[in-house]
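Written out below as structure tokens is the structure these notes cover.
The values are calculated or read from the model by the stated rules, or taken from the named source; none is laboratory data. Please read these numbers as outputs of a predicted model, since none were measured by experiment. Here Cβ is always computed from backbone atoms with ideal geometry, including for glycine, and neighbour counts include all displayed protein chains. Just the protein is used for accessible areas: all its heavy atoms, side chains included, with ligands, DNA and RNA removed. Shrake-Rupley method; radii C 1.70, N 1.55, O 1.52, S 1.80 Å.
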Amino acid sequence: MAASQPDAFARAVHRFATAGKLDAARTMLNWDAQTHMPAGGAWARGEQMAAITEVSADLVGSRAAGDELDEAEAMASALAPDERADLTEMRRTWVHTSAVPKELLAAKTRASQALQAVWRTAKPASDWAAFEPGFIELLALTREIAQAKAEALGTSLYGGLLDEYDPGVGESMIDPIFADLAAFLPGLIAEVRERQSGWPDPIPFGDTPVERQAAMAHKLAIAVGHNPDNFRIDAAPHPFSVPHSPGDVRFTTRYDLANPRFAVSATMHEAGHAMYEFNLPREFAFRPGGNARGMTMHESQSLSLERMAGRSREFLGWLAPQMAAEYGGDPARWSVVNVLNDWRRLDNGFIRVNADELSYPLHVILRYRLEQALIRGDLAPRDVPGAWDELFTKLIGRVPPDLAHGCLQDIHWAAGLMGYFPNYAMGSMLAAQLFERAIADDPEILPALARGDFTPYFAWVKPRVHQRASLVSFDTLVRDATGGPLTAEAFKRHVRRRYLEEPLA
């Protein structure tokens, strides 16, 4: 018996790692679809990605896969702790995949590829009528999948979708944190607006050529710690990074001629995602236990760079002269005070990815509530534009001028990513909690950021988060790294300190 155990585990590892490699290939096809594929290639790309989805589902959702896991689990005591953790994640993957017929998964892949192509033209035209038919089809498929997952996992419909992206971060954790934020943020935003009303208007940065912004993006990626031999940056309408490809680091940003800050923020954000992927343990590459520990953890790593470090006074003190040298023009616009004035200024906009640090969680809460209603069947697709505007006005206090600035602004619903949005705000909470502990543990982190050096920060976070991958639970990882469970308290301390206590000059 002892001799057969490693064989059973090894077979399971091979099976699930093969599926992981196929998923990595699928994400690379999606990267190409968002960056280089001609618009007319959407149908063929949907078929290619659907085929990979079906083959992967056969590998890890079949009865044969379940039998292999049964055999390996019967002898799990002979495995090392990390191997047992990997086996646990294999079982979780099997439960998710076996719960849903592969034909349904493939149909969703095809529908999402088709709807993303529609979204690219419907968004700028604010054309819900063009988007709605495909959304109705994709939502119906998503609800079928949610039902199957909920029955297998013993969760609500929406909880089944959440668990796919964020195991360990369910509605019972999200709801009280979001309620806390919805009660706390409007009052704080009013206080900060009152304070900022006395600030001078920032000097506009002015138009900045795309090629100079691209050069700055490359410089920032290197400053963060990426190796030029391992990464490339492309442009895409919605910035993203490519997971599951160890050593092949690809992420995108978006260049706005009149707003160079956006490219800086997007580059820092995606570089943070990419560093997490790059630092995952190579010995568990492509295996479930070697994946990132869910999307809240992933988002915490991007926001730790973009917001906690990237909008700190220390880092902006380094960044301002870098931008002056790269972008040129009136030196006054790149002074540290002017950059701080612009970076810290609360916005009056409507776009989530451009939102200030205080309004951002409210954008996410809006999407979370609408998604729950859509999945429950309480909100019909035809009523989404009106429901969006009503809830946006309630939470944020203004009405979007059109659908491009409202319910069509994100690619996520076109991509079928229901249950994904909550991680953006939960990741903000975790980024604040991790960064607060990091700078308490290592006082050199902030002075290093003032030199554009992220080495001390990554020396702290890599062993505590990155290299643990999915080999421990979300709650264990958070408690081990920060000393307690995830709450909104560190975030609330952070934003009060940054926006009400830190001086501008």
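Just a few scattered comments:
- Restricting Met49, Met37 to those that are farther than 24 Å from Ala285 by Cβ, among the hydrophobic types (A, V, I, L, M, F, W, C) and out of contact with any strand residue (DSSP E or B) (no Cβ under 9 Å at 6 or more places or on another chain) reduces the list to Met37.
- Considered as a group, the residues in the range 419-446 that are farther than 30 Å from Arg45 by Cα and either charged (D, E, K, R) or part of a loop (DSSP other than H, G, I, E, B) (or both) include one that is least open to solvent (accessible area, probe 1.4 Å), and that residue is Asp442.
- Any hit, the range 337-351, residues being closer than 22 Å to Leu408 by Cα and more than 25 Å from the chain's Cα centre (by Cα): no
- Conditions (1) farther than 26 Å from Ala415 by Cβ; (2) surrounded by fewer than 16 Cβ atoms within 10 Å (Cβ to Cβ); number of the one not met by Pro237: (1)
- Any hit, the range 175-183, residues being at pLDDT 95 or above, over 29 Å from Asn348 (Cα atoms) and in contact with a Pro (Cβ under 9 Å, 6 or more places away or on another chain): no
- Close pairs (6 angstrom Cβ cut-off, 6 or more residues apart or separate chains): basic (Lys, Arg) in the range 450-476, open to solvent by less than 50 Å² (accessible area, probe 1.4 Å) and modelled with pLDDT of 95 or more anywhere: Lys462/Asn279; Arg464/Ala481; Arg468/Leu477
- Tabulated pairs, the range 13-28, first farther than 21 Å from Glu71 by Cα and open to solvent by 10 Å² or more (accessible area, probe 1.4 Å), second part of a helix (DSSP H, G or I) and not hydroxyl-bearing (Ser, Thr, Tyr), C-beta under 6 angstrom, 6+ apart or interchain: Leu22/Ile52; Arg26/Met49; Arg26/Ile52
- Some residue of the range 182-195 being acidic (Asp, Glu), open to solvent by 60 Å² or more (accessible area, probe 1.4 Å), farther than 30 Å from Thr97 by Cα and not in a helix (DSSP H, G or I): no
- Inside the range 92-102, residues that are surrounded by fewer than 18 Cβ atoms within 10 Å (Cβ to Cβ) and not hydrophobic (A, V, I, L, M, F, W, C) make up a count of 2.
- Within the range 141-192, if we keep just the residues that are touching a Gly at 6+ places or on another chain (Cβ under 9 Å), among the β-branched types (Val, Ile, Thr) and in contact (Cβ under 8 Å) with a residue 60 or more places away in the chain, the residue that is nearest to Leu430 (Cα to Cα) turns out to be Val169.
- Residue list for the range 356-373, restricted to those being under 11 Å from Phe421 (Cα atoms) and either modelled with pLDDT under 95 or aliphatic (A, V, I, L, M) (or both): Val364, Ile365, Leu366, Leu370
- Test result for Ala459, over 18 Å from the mean Cα position of the chain (by Cα), under 27 Å from Arg282 (Cα atoms), at pLDDT 95 or above and open to solvent by 50 Å² or more (accessible area, probe 1.4 Å): yes
- Of the residues making up the range 135-181, those that are small (Gly, Ala, Ser) and assigned to a helix (DSSP H, G or I) are Ala140, Ala146, Ala148, Ala150, Ala152, Gly159, Gly160, Ser172, Ala179.
- Residue in the range 486-500 that is outside any loop (DSSP other than H, G, I, E, B), of a type in the set (A, V, I, L, M, F, W, C), open to solvent by 10 Å² or more (accessible area, probe 1.4 Å) and at pLDDT 95 or above present: yes
- Any hit, the range 46-64, residues being outside any helix (DSSP H, G or I), modelled with pLDDT under 95 and within 20 Å of Val242 (Cβ to Cβ): no
- Output for the range 120-169, where each listed residue is open to solvent by less than 10 Å² (accessible area, probe 1.4 Å) and within 21 Å of Trp43 (Cα to Cα): Ala122, Phe131, Phe135, Leu138, Thr142
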